[in-house]
Amino acid sequence: MLKIGLTGGIGSGKSEVSKRLSAKGAVVVDADRIAREVVEPGTLGLARVVARFGEEVLRPDGSLDRPKLGSIVFADSEKLAALNAIVHPLVGERVAELQAQAPDDAILVYDVPLLVENNLAPMYDVVVVVDAADDVRVRRLAEHRDMPEADAKARIAAQASREARLAAAHIVITNEGTLEELDARVDEVWEELRRRAARG
């Protein structure tokens, strides 16, 4: 089993890469998706978040109001740390379950947004970083998520710097062009990962 840590800053296109690797046969474990699952209504995670941050982080239907919670925690590093202390252990348990279910010869791709921030690189055989310039990422967040420029810049600033992310990379996928260019680069990276997996 070859364990790949896939990361990239917000707006870099990491999800596009993740989708393409999954289509090629990788077993993808999406930390963001799991982070959403562990705070769905009725979960222990959501109960703990509400106990810490109050009922105002809930929507009328009882689900988590993620933008509201985001606006609270991204402006305050202590509150962000408190949220991470609730969510990360629950995500870790679920990731371990999924890993145990994967075939022994799988190329296992962990889609982990905060891999560098949480010093997780040593957990993986290969770290793949999806990279794009900050101005490209701000533009994408405005176009695809309707995020105001100030919010986009704040989210980028709250994450690791490009330099720190690139320093952790074994493989870099530069994603500043077309989806066709991204497809071609992902093809190359997949072949490289298959070679590494075959070497064992």
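The values are calculated or read from the model by the stated rules, or taken from the named source; none is laboratory data. Please read all numbers here as calculations on a predicted model, not as lab measurements. Cβ sites come from the backbone with ideal geometry, for glycine too, and all protein chains shown count toward neighbours. The area values use the complete protein model at the heavy-atom level, side chains included, leaving out ligands, DNA and RNA. Shrake-Rupley method; radii C 1.70, N 1.55, O 1.52, S 1.80 Å.
In square angstrom, rounded to the nearest 10, how much accessible surface does GLU93 have for a 1.4 Å probe?
Surface open to solvent at GLU93 totals about 110 Å².
Expressed in nm to one decimal, what extension gain is obtained for the pair ALA158 and ARG194 from 0.36 nm per residue of sequence separation less their Cα-Cα distance? It would help to have the intermediate numbers written out before the result.
On the way: separation 36, 0.36 × 36 = 12.96 nm, distance 3.38 nm.
Full extension from ALA158 to ARG194 adds 9.6 nm.
Give the percent of DSSP beta bridges with both residues in the chain that are antiparallel, rounded to the nearest 5.
Details: 1 of 18 bridges.
For the chain, the DSSP antiparallel bridge percentage is about 5.
For region 38-180, what does the relative contact order come out to in percent, with C-alpha contacts under 8 Å and a separation of six or more?
Working: 102 pairs, mean separation 29.8, N = 143.
For region 38-180, the relative contact order is 21 percent.
Solvent-accessible area per residue for the chain at a 1.4 Å probe radius, Å²? Don't skip to the answer; put the middle values down first.
Details: 10660 Å² over 200 residues.
About 53 Å² of surface per residue is accessible.
If I model a spin label at ALA133 and ALA82 as a point 7 Å from the Cα along the Cα→Cβ vector, what separation in nanometres do I get?
4.0
Collect residues whose amide H, placed 1.01 Å from N in the peptide plane, falls under 5 Å from the amide H of VAL130; neighbours closer than 5 in sequence don't count.
Amide H neighbours of VAL130: THR7, GLY8, ILE173.
Got a sec? What order do ASP32, ASP131 fall in by accessible area at 1.4 Å, biggest, i.e. largest, first? Before the final figure, lay out each step's value.
Values: ASP32 65, ASP131 15 Å².
Reading off the accessible areas and sorting them downward yields ASP32, ASP131.
Suppose only helical runs count, i.e. DSSP H with n ≥ 4. What mean residue ellipticity at 222 nm does that imply for the chain under -39500 (n - 2.57) per run, divided by all residues and rounded to the nearest 500 deg cm²/dmol?
Values: 9 runs with 110 residues, N = 200.
Calculated mean residue ellipticity at 222 nm is -17000 deg cm²/dmol.
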